[in-house]
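Working notes, structure below.
The values are calculated or read from the model by the stated rules, or taken from the named source; none is laboratory data. Worth saying up front: this structure is predicted, and the values here are computed from it rather than measured. Counting neighbours? That spans all protein chains shown, and the Cβs are built from the backbone with ideal geometry, glycine included. SASA here: full protein model, heavy atoms, side chains in, ligands and nucleic acids out. Shrake-Rupley method; radii C 1.70, N 1.55, O 1.52, S 1.80 Å.
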Amino acid sequence: MWDPSKGINIGIFTLHFYSLMFVLAFGFGYILMTRIFKIDNINQKYLEPLFTWTLIGTILGARLGHVIFYQPELFKEDFWSVFLPISTKNGIKFTGFSGLASHGATIALILTTLYYSYKVIRKNPFWVYDRLGIVVALGGAFVRMGNFFNSEIVGKPADPNSPFALLFPQQSSEYGLTVPRYPSQLFEAVGYVALFILLWILYRKTNKKYQQGWLFGLFFIILWAIRFFVEFLKEPQGDEFIQIGGLNTGQVLSIPFMLAGVIIMIVSRKFKITEVENEKPE
């Protein structure tokens, strides 16, 4: 049975575990990117803008992605809740962002990183994406751990005798009765940690970081493949507006990203650079 407390009581407020996981995701991401910039001999002045644009892209993109793909009715029913962590139904109250979608975060991150690449560090965007993918893989694991603490994005009912079966007594009423379910959040988190380890080894031990786009393409393929297959064990998130051939919204949206990863890996052969070129902004 998984029945944790909601957070850590700090006196005047409670630090919710989901919020803590987001803080850890960005905190470790900042530390990791600092290390990457040192390895590549990149001036640290370029780090702060990257952190800022990544934060904006992740939060805003994830929120908009959830609303567009899963709860578009909020644009009419509770417009300000789309952009702010509040609800205006029956008075204004703080709710936090209760819905975030990784597909939306990815699209927004691609756009904010394009701006950062061309206007700030002035490098090929694939150079930035290669390194950002390593950080995002680790951050994604923390976010899914946050979902686990919140008993949300739960898995489908499982055989009570399965070693993976868990009870989520804090689950939302939208899932019906509390029955043994797969901890799909943990499956996804483990997959992201494995992806992070793989990308870090390839970045540190091979010359693939000099083939701009190769690591990013691999990141896209594996990350969205993990998401695609874990979706078979997940309960639907909100209304499934996009369904094709028995695949749910999350799976359908993951396919274009996987295909994009293949294309990026192929075209990355055109963007090879030397070690000297790697260390200099263009």
For helix 102-116, report the angle its Cα long axis makes with the longest principal axis of the Cα atoms of the chain; keep it between 0 and 90° and round to the nearest 10°.
30
Measure nothing fancy, just the Cα-based angle from helix 184-205's long axis to the longest principal axis of the chain, in degrees from 0 to 90, nearest 10.
10
Computed accessible area, Phe13, all protein chains, 1.4 angstrom probe, square angstrom:
100
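State the percentage of accessible surface on the range 131-281 attributable to carbon and sulfur atoms; use a 1.4 Å probe and exclude ligands, DNA and RNA. Numbers along the way, then the final one.
Working: 4680 of 7070 Å².
Carbon plus sulfur share of accessible area: 66 percent.
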Simple label model, 7 Å out from Cα along Cβ direction - Asp78 to Ser173, nm
1.4
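Taking 0.36 nm per intervening residue step and subtracting the Cα-Cα distance, what contour gain separates Arg204 from Tyr118 on full extension?
Details: separation 86, 0.36 × 86 = 30.96 nm, distance 2.54 nm.
Here the answer is 28.4 nm.
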Can you return the lysines within cross-link range of Lys45? Criterion is Cα-Cα under 16 Å, with same-chain partners fewer than 8 residues away left out.
Lys119, Lys123, Lys280
Residue with peak Gaussian network fluctuation, the chain [Cα springs, cutoff 10 Å], from Lys123, Lys89, Lys156
Lys89
Intensity falloff of the range 158-282 expressed as log10 I(q)/I(0), Debye formula with alpha-carbon point scatterers, at q = 0.20 Å⁻¹:
-1.14
For Lys234, what residues show an amide H to amide H distance below 5 Å, using hydrogens built from the backbone and excluding near sequence neighbours?
Lys156
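Normalised by the number of residues in the chain, what is the relative contact order in percent for Cα pairs under 8 Å and 6+ residues apart? Show your work: numbers first, answer last.
On the way: 428 pairs, mean separation 54.8, N = 282.
Value for the chain: 19 percent.
How do Tyr115, Tyr182 rank by accessible surface area computed with a 1.4 Å probe, from largest to smallest?
Numbers: Tyr115 105, Tyr182 60 Å².
Descending accessible area places them as Tyr115, Tyr182.
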Can you compute the label reach from Lys156? Point 7 Å from Cα along the Cβ direction, backbone N cut-off under 14 Å, restricted to the range 188-217.
none
For the range 25-82 and the range 179-257, write down the distance between their C-alpha centroids in whole Å.
18
Give me the accessible area of Tyr118, 1.4 Å probe, in Å² rounded to the nearest 10.
130
How would the range 1-100 be classified by its alpha-carbon gyration tensor: rounded, prolate or oblate, with rounded meaning a/c under 1.5 and the a/b versus b/c comparison settling the rest?
oblate
By how many degrees, between 0 and 90 and to the nearest 10, does the Cα long axis of helix 17-39 differ from the longest principal axis of the chain?
10
Pairwise label distance in nanometres, Thr52 with Gln243, each label 7 Å out on the Cα-Cβ vector
4.5
Largest-first ranking of Met1, Met145 by accessible area, probe 1.4 Å, whole protein assembly kept, is Met1, Met145
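In Å², what does the accessible area per residue of the chain work out to with a 1.4 Å probe?
Numbers: 14250 Å² over 282 residues.
Averaged over the residues of the chain, the accessible area is 51 Å².
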